[in-house]
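**Student:** Provided herewith is a single structure, encoded as structure tokens, for subsequent inquiry.
The values are calculated or read from the model by the stated rules, or taken from the named source; none is laboratory data. As the structure is a computational prediction, the values presented were derived from the model and not from experiment. Backbone-built Cβ (ideal geometry, glycine too); neighbour counts: all protein chains shown. The accessibility values were calculated without ligands, DNA or RNA, using every heavy atom of the protein model including side chains. Shrake-Rupley method; radii C 1.70, N 1.55, O 1.52, S 1.80 Å.
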Amino acid sequence: MAQVTREILVNTLEQIALLLELKGENPFKTRAYRNGAEIVQNFDGDIVSLAAQNELKLIKGIGDALQQKLFELASTGTLRYFEDLRSEFPASLFELFELQGLGPKKIKALYDNLGIDSIHSLKEACAGTEITKLSGFGSKTVSKILSTIENREKFAERFRLGEVAPLAETLLERLKNHPKVSRAAIAGSYRRSKETLHDLDFLVASSEPVELTAFFTSFDEVHEIIVQGETKASIRLNNGLQCDLRAVSNEHYPFALQYFTGSKEHNVALRSIALKQGLSLNEYDFTGEVQLPEVREESDIYQALGLEWVAPELRENRGEIEAAQRAELPRLVELDHLRGTFHNHTTASDGSHTLEEMAAAAIDHGLQYLGIADHSQSSVQANGLSEVRLREQIEKIRQYNQEAQDFRLFAGSEVDILKNGELDFEDELLAQLDYCVASVHNAFGLPEKEMTQRIIRAMENEHVTMLGHLTGRLLLKRDPYDLNIEKIIDCAAETRTVIELNCNPWRLDMDWRWWHRARDRNVLTSINPDAHKTEQLQFLAYGVRLARKGWLRREDVLNTMKLSEIQSWLALPKHQR
Ligand code: DGT
Ligand code: CA
Ligand code: CA
Ligand code: ZN
């Protein structure tokens with residue numbers, strides 16, 4: 001079941017109200033849902049848990065019928081009544097709900113009078129004249145709707161972390177170097193290391209906020225200034241990315257940093273802890289009738305609330321607050337802990353650099369070992385190695401190692417998991433390798449059960465050291481294939497198969513939400529760049545960020561082992577690892 005949040009409860013109630021309106025139900029009924037949504041939104045406390053335990057009786061304004069529905073939604077993740085209601089309308093209608101400036105009244109007018117039931121049909125209608133005959137749809141409104149739709153088409157998409165990070169860091173440096181800036185950071189989802197981002201939230205401490213917003217909006221990369229105020233500004237960069245800036249005093253900075261880092265859910269939980277101590281926490285200050293704690297840096301806020309400082313990556317309200325209260329937060333893995341890495345390609349298959357070049361780059365990165373895992377014979381599109389060519393590569397690697405000092409190449413293969421779960425090479429050949437990464441590269445459309453069984457079969461092979469890019473997703477481009485990840489994790493634990501954390505910014509696969517569960521079952525990960533060029537060893541940094549987001553510690557990551565340790569580990573039979 002997907003995690004139910006306050007936002008889901010609120011949205012569901014609001015959508016029910018709107019659907020009832022579209023159906024022409026009586027206004028009292030719709031109003032009850034709308035009021036309910038507002039109460040849930042503003043309730044000070046963990047309304048999701050209360051709803052899940054059916055304990056909403058004492059909350060004023062939520063009647064019996066609503067209580068029942070919230071209970072069902074919070075405890076099961078779905079609401080039958082809502083699903084039934086939704087199914088009476090075309091699915092595309094719900095796109096209209098996401099357009100800013102288009103409230104329920106307008107949607108109802110469009111639907112009732114012109115049969116408009118999608119963004120597509122709305123856009124068409126805006127081009128004609130029929131729509132201007134509706135009350136409330138003057139030419140000004142219509143052109144605003146059009147530009148909202150166009151903006152959405154152009155910019156609604158999110159950005160991959162790796163796609164924005166280099167520019168983000170450049171802009172941050174620029175702000176930090178401004179003479180009137182004492183502290184600066186990028187807060188928001190970027191600081192939390194989300195795999196995709198909607199916008200960047202810059203924050204500066206400065207006594208000259210006006211000067212800073214002017215500086216920010218005059219950056220060369222600016223495509224459009226969305227807002228420019230005295231203490232905040234929003235710009236759109238040439239690549240479509242929105243960047244917000246807030247300038248605050250040095251005194252308010254720790255509070256602003258904490259607040260704008262989010263997540264919203266984390267902040268809501270934190271504020272309710274503060275309230276229990278008689279403190280009110282907002283983006284500027286603590287206020288309250290009690291003695292106010294002294295706050296100089298962000299960690300002082302957590303300390304004042306009796307919590308360990310929470311690493312930004314963990315701030316998703318997924319147990320980090322409770323762990324911080326018990327002083328049981330994990331010591332997260334760091335980039336510096338990595339000693340080598342396993343999944344890398346060379347010119348032998350579809351990489352751009354030779355084995356020697358890749359090795360030199362790894363040494364440059366301070367690594368003690370590098371695993372070479374070129375594609376196997378079935379991956380024709382990626383110039384996969386035949387048996388003969390793989391044997392030659394193994395030989396080449398052995399020779400390289402005879403001359404190398406304090407560094408080692410490991411001979412591996414990224415072997416295809418065939419449709420039936422068999423591997424692309426015979427066991428006899430796999431046994432010659434130091435390790436093996438098994439990946440799915442075709443037949444993505446299998447039903448969940450078959451796909452899961454396919455991968456389980458591969459894991460049961462004693463030569464399969466790790467699984468590559470588990471779900472095959474390409475962020476913002478291709479959904480993961482259907483797979484029962486719980487079963488995969490259980491099988492990985494049983495068979496002692498490592499699951500890779502693929503660091504390619506398009507993949508960041510397995511998803512961070514699963515790692516906590518995996519590590520609790522003693523499943524190791526290997527943080528692998530899947531490098532096809534020397535410079536892609538840099539991807540390791542993204543992998544570490546996502547590993548941290550998944551609560552992983554140094555000891556959960558295979559490639560934090562130093563060379564002598566990893567050699568002994570690889571020498572063990574799989575079931576003894
Ligand atoms: P994004 O931009 O969608 O990738 O995700 P965020 O988390 O960066 O979201 P954003 O940019 O809208 O806001 C940045 C942070 O500011 C967010 O994580 C928490 C805080 N924040 C923004 N709006 C609200 C709000 O209405 N209530 C609360 N409690 N916090 C908010
Ligand atoms: Ca943001
Ligand atoms: Ca923002
Ligand atoms: Zn692959």
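**Student:** Search the range 140-166 for residues being at pLDDT 90 or above and open to solvent by 50 Å² or more (accessible area, probe 1.4 Å), and hand back the single one that is farthest from T129 (Cα to Cα).
**Tutor:** P166
**Student:** Which of the numbered conditions does L237 fail, given that it passes all the others? Conditions: (1) touching a Lys or Arg at 6+ places or on another chain (Cβ under 8 Å); (2) touching a residue at least 60 places away in the same chain (Cβ under 8 Å).
**Tutor:** Among (1) touching a Lys or Arg at 6+ places or on another chain (Cβ under 8 Å); (2) touching a residue at least 60 places away in the same chain (Cβ under 8 Å), L237 violates only (1).
**Student:** Can we say V523 is over 26 Å from K477 (Cα atoms) and buried (at least 21 other Cβ atoms within 10 Å of the Cβ)? Please lay out each step first, then the result.
**Tutor:** Numbers: over 26 Å from K477 (Cα atoms): yes; buried (at least 21 other Cβ atoms within 10 Å of the Cβ): yes.
Judged against the criteria, V523 is a match.
**Student:** Looking only at residues that are within 14 Å of ligand 2 (Cβ to nearest atom) and open to solvent by 20 Å² or more (accessible area, probe 1.4 Å) in the range 234-243, which one is farthest from F260 (Cα to Cα)?
**Tutor:** Restricting to residues being within 14 Å of ligand 2 (Cβ to nearest atom) and open to solvent by 20 Å² or more (accessible area, probe 1.4 Å), the top hit is R236.
**Student:** Further question on the same structure: Being farther than 19 Å from N11 by Cβ and touching a residue at least 60 places away in the same chain (Cβ under 8 Å) narrows it down to one of D112, D117, so name that one.
**Tutor:** D112
**Student:** Inspect all residues belonging to the range 528-551 and state whether any of them is more than 30 Å from K477 (Cα to Cα) and modelled with pLDDT of 95 or more. Spell out how you get there, then give the answer.
**Tutor:** Here is the first cut: in the range 528-551, the ones more than 30 Å from K477 (Cα to Cα) are none.
Taking every residue of the range 528-551 in turn, none turns out to be more than 30 Å from K477 (Cα to Cα) and modelled with pLDDT of 95 or more.
**Student:** State which residue pairs qualify: first residue outside the structural domain of R318 (by TED's automatic domain parsing) and at negative phi and inside the range 49-60, second residue at pLDDT below 90 and of a type in the set (V, I, T) in any location, beta carbons under 7 Å apart, and separation of 6 or more residues or different chains.
**Tutor:** L56/I62
**Student:** Any idea which residue in the range 244-273 is farthest from ligand 1 (Cβ to nearest atom), counting only those that are open to solvent by 70 Å² or more (accessible area, probe 1.4 Å) and basic (K, R)?
**Tutor:** The qualifying residue farthest from ligand 1 (Cβ to nearest atom) is R271.
**Student:** Could you list, in sequence order, the residues of the range 282-324 that are under 23 Å from the mean Cα position of the chain (by Cα), assigned to a loop (DSSP other than H, G, I, E, B) and surrounded by 17 or more Cβ atoms within 10 Å (Cβ to Cβ)?
**Tutor:** As a first pass, look at the range 282-324 and keep what is under 23 Å from the mean Cα position of the chain (by Cα): 309-324.
Adding the requirement that they be assigned to a loop (DSSP other than H, G, I, E, B) leaves 309-311, 315-319.
Listed by number, the residues that qualify are V310, A311, R315, E316, N317, R318.
**Student:** Scan the range 477-514 residue by residue and report those that are of a type in the set (A, V, I, L, M, F, W, C) and either within 16 Å of ligand 4 (Cβ to nearest atom) or surrounded by fewer than 18 Cβ atoms within 10 Å (Cβ to Cβ) (or both).
**Tutor:** The initial filter retains those residues of the range 477-514 that are of a type in the set (A, V, I, L, M, F, W, C), namely 483, 485, 488-489, 491-493, 498-499, 501, 503, 506, 508, 510, 512, 514.
Matches in the range 477-514: L483, A493, V498, I499, L501, C503, W506, L508, M510.
**Student:** Further question on the same structure: Looking only at the range 185-228, how many residues end up being open to solvent by less than 40 Å² (accessible area, probe 1.4 Å) and either among the aromatic types (F, W, Y) or within 16 Å of ligand 4 (Cβ to nearest atom) (or both)?
**Tutor:** Of the residues in that region, 4 qualify.
**Student:** Among the candidates F82, F71, single out the residue that is touching a Ser or Thr at 6+ places or on another chain (Cβ under 7 Å), of a type in the set (F, W, Y) and in the same structural domain as T132 (by TED's automatic domain parsing).
**Tutor:** Numbers: F71 fails: touching a Ser or Thr at 6+ places or on another chain (Cβ under 7 Å).
Of the residues listed, the single one that is touching a Ser or Thr at 6+ places or on another chain (Cβ under 7 Å), of a type in the set (F, W, Y) and in the same structural domain as T132 (by TED's automatic domain parsing) is F82.
**Student:** Scanning for something of a type in the set (F, W, Y), crowded, with 23+ Cβ neighbours inside 10 Å and in a helix (DSSP H, G or I), does the range 542-561 turn up at least one residue?
**Tutor:** Just the residues of the range 542-561 that are of a type in the set (F, W, Y), to begin with: 542, 551.
Subsequent filtering for residues that are crowded, with 23+ Cβ neighbours inside 10 Å retains 542, 551.
Now restrict to residues that are in a helix (DSSP H, G or I): 542.
Checked the range 542-561: at least one residue is of a type in the set (F, W, Y), crowded, with 23+ Cβ neighbours inside 10 Å and in a helix (DSSP H, G or I).
**Student:** If L338 satisfies every condition in (1) free of Cβ contacts under 8 Å to residues at least 24 places away in the same chain; (2) touching a strand residue (DSSP E or B) at 6+ places or on another chain (Cβ under 7 Å) but one, which is the exception?
**Tutor:** Condition (1) is where L338 drops out.
**Student:** Between a first residue in the range 451-476 that is at pLDDT below 95 and open to solvent by 10 Å² or more (accessible area, probe 1.4 Å) and a second residue that is within 16 Å of ligand 3 (Cβ to nearest atom) and in a helix (DSSP H, G or I), which pairs have beta carbons less than 9 Å apart while being 6 or more apart in sequence or on different chains?
**Tutor:** Taking only residues 6 or more apart or on different chains, the pairs are L475/L161.
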